[in-house]
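Have a look at the structure below, then the notes.
The values are calculated or read from the model by the stated rules, or taken from the named source; none is laboratory data. Since the structure is predicted, the reported quantities are computational estimates derived from the model, not experimental observations. Note that we place each Cβ from the backbone using ideal geometry, even for glycine, and neighbour counts take in every protein chain shown. Ligands, DNA and RNA are excluded from the accessible area calculation, which covers all protein heavy atoms including side chains. Shrake-Rupley method; radii C 1.70, N 1.55, O 1.52, S 1.80 Å.
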Amino acid sequence: MSKIPSFRLTTLSLALFSVVLVGFGVLNYQQRSQYQIPDDGVSWIESPQGVTAWIVVRGGPADRAGIREGDQLKSINGQPITMPSEAVQQVYRLGVWSLATYSLTRNGEPFETSLVLDAQATGGSVRNYLALVGLLYLLIGTFILLRRWTARKSRHFYAFCLASFVLYTFAYTGRLNLFDWTIYWLNVAAWVFQPALFLHFCLTFPERSKLLRERRHAAALLYLPGFLLGAIHVLVATDILVLPVPLLQARWLLDRIELFYLGAYFLAGALALHYAYIRATDPV
């Protein structure tokens, strides 16, 4: 019995994995279009004084109810709040358009106020645009793979397009059930590895760059920053790593680091392609 060539097995595995991801993407889009995320209009953080309002959205439910940045939250509907995550859980438990009574302290003076939880603005038009971008990546990668599936770097390019599809199309709803967590971690994986796949492709197409030819392990090092970012995500999510800042501020900081990482890798990839083009067209 003849063995299946390795490149065919790899292509088949990519195809099956792609079908699963497309199915996940369709289900994720349906859930996001149907599920409304409750929101009180406050970003709560942990401080020495307790759970404190860090950012109050202007015109939001909390702002209309008189809550100001720096106020300390004690309870919601009589349920004691000792951590920011407990405030989020209580808001989710109550749901959109529910009436909630907040007990707070301002400058040492306790007070109560009531607000109606609003539906969180999800940026529907922006999300739809990003989903379209992700779908275009997938279509381009599929077209290249089907037309040139035996060509050098075709599967690498398709892997980049598939990661881009997940990055721009997947978005967790906030319900954080098993499927939502799956979407979240797939999106994290795409965030940390898509830029590295792009830069690696640019350094090896149409031929391996001098950097990769002279340094055998340089290609693996391209993925190290993404691997470290992914590890930080896992360690923070499992409370193994406790950062010296509130979780919300840590998430804000990680978002900025990831954006810088993505921008730096894409800029480096663009420069690599530029120099490859110059070398290919240089008559000398």
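State whether the range 54-121 is rounded, prolate or oblate according to the following rule on the C-alpha gyration tensor (a ≥ b ≥ c being the square roots of its eigenvalues): a/c under 1.5 gives rounded; otherwise a/b larger than b/c gives prolate, and the remaining case gives oblate.
Because a/c hits 1.5 or more and a/b fails to exceed b/c, the range 54-121 counts as oblate.
With labels modelled as points extended 7 Å from the Cα through the Cβ direction, what inter-label distance (nm, one decimal) is found for R147 paired with Y129?
2.8 nm
At a probe size of 1.4 Å, how large is the accessible area of T238, to the nearest 10 Å²?
Spelled out: T238, probe radius 1.4 Å, area about 80 Å².
Would you calculate a helix-derived [θ] at 222 nm for the chain, using -39,500 (n - 2.57) for each DSSP H run of n ≥ 4 and dividing by the full residue count, to the nearest 500?
Value at 222 nm, helices only: -20000 deg cm²/dmol.
Taking the Cβ-Cβ separation of H217 and L241 as r and a Förster radius of 30 Å, what is the calculated FRET efficiency to the nearest 0.05?
0.65
Would you check the accessible area of K153, probe 1.4 Å, heavy atoms only, in square angstrom rounded to 10?
Accessible area, nearest 10 Å²: 40 Å².
Within the accessible area of the range 4-84, what % is carbon and sulfur when the probe is 1.4 Å and the other protein chains stay in place?
Percent of accessible area from carbon and sulfur atoms in the range 4-84: 61.
Determine the sum of side-chain charges near N107: Lys and Arg each +1, Asp and Glu each -1, restricted to other residues whose C-beta is under 11 angstrom from that of N107.
After counting each charged neighbour, the total is 0.
Read through the labelled values (1) 208; (2) 134; (3) 185 and report the label of the one computed as volume of the Cα convex hull per residue in Å³ from the structure.
Answer by label: (3).
For the full complex of protein chains and a 1.4 angstrom probe, list V26, V188 by accessible area with the highest value first.
Ranking V26, V188 by accessible area, largest first, yields V26, V188.
Once fully extended, how much extra length lies between R279 and T182, figured as 0.36 nm per residue of separation less the alpha-carbon to alpha-carbon distance?
Once the chain is fully extended between R279 and T182, it gains 30.6 nm.
How much solvent-accessible surface does S125 expose, in Å² to the nearest 10, with a 1.4 Å probe and all protein chains in place?
90 Å²
How large is the accessible surface per residue of the chain, computed with a 1.4 Å probe and reported in Å² as a whole number?
Accessible area per residue: 59 Å².
Work from the charge dipole of the chain (Cβ charges, +1 for Lys and Arg, -1 for Asp and Glu, about the Cα centre) and give the residue of A218, V188, I144 farthest towards its positive end.
The listed residue farthest towards the positive side: I144.
Read phi for every residue in the range 201-214 and hand back ³J(HN,Hα) as whole Hz from Karplus 6.51 cos²θ - 1.76 cosθ + 1.60, θ = phi - 60°, with x for Gly and Pro.
Here the 3J(HN,Hα) series is 4, 5, 7, 10, 10, x, 9, 5, 6, 4, 4, 6, 5, 8 Hz.
Treat every Asp and Glu Cβ in the range 160-284 as -1 and every Lys and Arg Cβ as +1, leave all other atoms uncharged, and give the resulting dipole magnitude about the Cα centre to the nearest 20 debye.
Result for the range 160-284 is approximately 300 debye, rounded to the nearest 20.
Kindly give the semi-axes, whole Å and largest first, of the ellipsoid equivalent to the range 1-148, taking each as the square root of 5 times a Cα gyration tensor eigenvalue.
Here the semi-axes work out to 48, 17, 13 Å.
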